[in-house]
Amino acid sequence: MSLANNHKQPLLRVENLAKTYEKQSLAGQRNEVRAIDGVSFSIFPGTTLAIVGESGSGKSTLASCLACLEIPTAGSIWLEGVDIVKLPEKGRRAVRRKAQLVFQDPASSLNPRWSVAEILAEPLLLQGNLGREEVRQRSRSLLSQVGLSADMAEKAAAELSGGQRQRLAIARALTLEPKLLILDEALSALDCSIQAQIANLLQDLQNALGMTYVFISHDLAMAAHLGDAIAVMNRGRIVEQGPPTEVLKRPKDEITRNLVAAVPRMKLPPSQAPEF
């Protein structure tokens, strides 16, 4: 966790974002479903916004919009002063290099038949301005950054453990030196000890590289550990946001109070105990 610099402009500013889907019932009736409904927030460089909420609250849809994988129905997403919602597809492709998404299940985003070296080399080779030796050196550097040994380079992704695959997914996300990492439930499929290791890795990378994170989770304890600020979502809206200690100690919304009460391992000192 790092502190925001109030003298900087936000790296990411989201204003009144909305995403609506059309669903058809069995009777043929078409209904609109608002997955995101008027979401606004800002994130400063080198800081982490943790977005928490129950399943179906709109967190993953928001992640897809931020990563330019979904086009919002309304609102703005300002990344480095550019409203990426208004960009044509060519411009959106360029944005995807700056805002990388790390998924819950790395197996879904990594080709299991490819070697670790091939997975890391692909985005670098697609750039077209690096030679083979430069790509090899960059790949080895990335492995070192995420705590994987160089001798893993020739292993297939399918041979790696869950924690190793998630480290590899983070390394791949870093290949094009993005400004923003969007971590969509990136720790939830791991056991507690591996979660702690990856959380420590994320903090080390943030300190070393100045990374900015959107950390999306249903785990309020981990959100409080990693986040400089917490935003709580429910039914597509942010119902509460603020510093972790404020949100945990004085939760204002019922959804937040339920999330706090549902985390038995969140043992706060008396001065930070929730005030219900």
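Any read-out appearing in this document is the output of simple, stated calculations on the displayed coordinates, not a laboratory observation. Remember, predicted model here, so these are calculated numbers, not experimental data. All Cβ positions, even for glycine, are placed from backbone atoms using ideal geometry, and neighbour counts span all protein chains on display.
Quick notes on this structure:
- Mean-position separation - Cα centroids, the stretch 190-236 and the stretch 127-153, in angstrom: 25 Å
- Among ASN258, ASN31, ASN234, residue whose mean-square fluctuation peaks in a GNM of the chain (springs only between Cα atoms under 10 Å): ASN31
- Helix-only arithmetic for the chain: the sum of -39500 (n - 2.57) across DSSP H runs with n ≥ 4, divided by the residue total, places the mean residue ellipticity at 222 nm at -10500 deg cm²/dmol.
- Pairwise Lys count, the chain - Cα closer than 27 Å, eight or more residues apart or different chains: 26
- Segments 36-44, 246-254 sorted - mean Cβ within 10 Å per residue, highest first: 36-44, 246-254
- Angle in degrees between helix 116-127 and the longest Cα principal axis of the chain, rounded to the nearest 10: 90 degrees
- Rounded tilt (10° steps) of 89-98 against the dominant C-alpha axis of the chain: 80 degrees
- Using a simple spin-label model with pseudo-atoms 7 Å out from Cα toward Cβ, SER42 and SER144 lie 3.8 nm apart.
- Annotation for ARG113 and ALA94: the two label points, set 7 Å from Cα along the Cα-Cβ direction, are 3.5 nm apart.
- Radius of gyration over Kirkwood radius for the chain, both on Cα atoms: the Rg/Rh ratio is 0.98.
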